[in-house]
Amino acid sequence: MKLFKHYKNKEYKYIGEAKHSETLEDVVIYETRYENESAKLWVRPKNMFFDLVEKNGNQVSRFKEIQLELRETSIISESDIQHIGQIMVKAFGQWDPKWFYSTFSNHSKFYLLLAFIENTPVAFKLGYDLNKNEFYSWLGGVIPEYRGLGIAADLMKKQHEWCQMNGYSKVQTKTQNRFREMLLLNIRFGFDIIGYHMSNEGGPKIILEKYF
Ligand SMILES: CC(C)(COP(=O)(O)OP(=O)(O)OC[C@H]1O[C@@H](n2cnc3c(N)ncnc32)[C@H](O)[C@@H]1OP(=O)(O)O)[C@@H](O)C(=O)NCCC(=O)NCCS
């Protein structure tokens, strides 16, 4: 994830570095995360982007990287479930604890990743063990205001690394046509579509698998 906060407190998405075509100077391209009438995309010499400026008599970074704080656990607490609920409400527009527990209670071995930005829960990814070789990636989402920053990709990469480290040879997941971003993300991460089954949850469920 590449998210920076300007010393005047506004957030920017870091797009990447480029070279000025005339001077070959290194520049940074970045995007506003708020309405700005002048422009959405901005460019600034790299050394200025990473430079210090004076604020209230102190030297501070002109742009400070906002860190994604990742918490991972296999032992899921009530407070973790509350965080999942908060993210679900924003990411899916609904949270039904009964529905969650009807699956959650039938499994015992989990891997949960929760992502926070400045102490706010912004994303999660939760899966469980199907057997000693197969892991099922069950639920995940990123709240709308932090989408498009690579957070879901970070969580998926971390989940797959954990699966490999824990001896799983395959991860399975399911999604629906209406969750197109997730479908694309899964395919980008090497999942193959292996079939589908009908469901009463808003369309057929597409089954995807990835072997390590
Ligand atoms: C799906 C979801 C988790 C993606 O989160 P995100 O943090 O915005 O995704 P990322 O920024 O990490 O994107 C990673 C990749 O996913 C795909 N993707 C994500 N959003 C996309 C979009 N709006 N359009 C097309 N592709 C998209 C792209 O391949 C993207 O890679 P790229 O940026 O290099 O093109 C988020 O949109 C979400 O929470 N959606 C609602 C809940 C949901 O669908 N959950 C899954 C149910 S099965």
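The values are calculated or read from the model by the stated rules, or taken from the named source; none is laboratory data. What you see is a predicted model; the values in this text were computed from it and never measured. With ideal geometry, Cβ positions are generated from the backbone for all residues, glycine too; neighbour counts draw on all protein chains shown.
Within segment 1-39, restricting attention to residues that are among the basic types (K, R) and within 16 Å of the ligand (Cβ to nearest atom), the residue that is modelled with the lowest pLDDT is K2. Listed conditions (1) within 22 Å of the chain's Cα centre (by Cα); (2) in a strand (DSSP E or B) are all met by W42, apart from (1). Evaluated against (1) touching a Leu at 6+ places or on another chain (Cβ under 9 Å); (2) closer than 17 Å to T120 by Cβ; (3) not in a strand (DSSP E or B), S79 falls short on exactly one condition, (1).
Checked against (1) surrounded by 14 or more Cβ atoms within 10 Å (Cβ to Cβ); (2) within 14 Å of the ligand (Cβ to nearest atom); (3) in a helix (DSSP H, G or I), A115 meets all criteria but (3). Condition test on V60, is it more than 20 Å from F110 (Cβ to Cβ), part of a strand (DSSP E or B) and among the aliphatic types (A, V, I, L, M)? So V60 passes the test. Against the conditions (1) more than 20 Å from the chain's Cα centre (by Cα); (2) free of Cβ contacts under 8 Å to residues at least 12 places away in the same chain, E161 satisfies every one except (1).
Scanning segment 137-185 for residues that are within 12 Å of the ligand (Cβ to nearest atom) and farther than 26 Å from Y14 by Cβ returns S137, W138, L139, T173, K174, T175, Q176, N177, R178, F179, L183.
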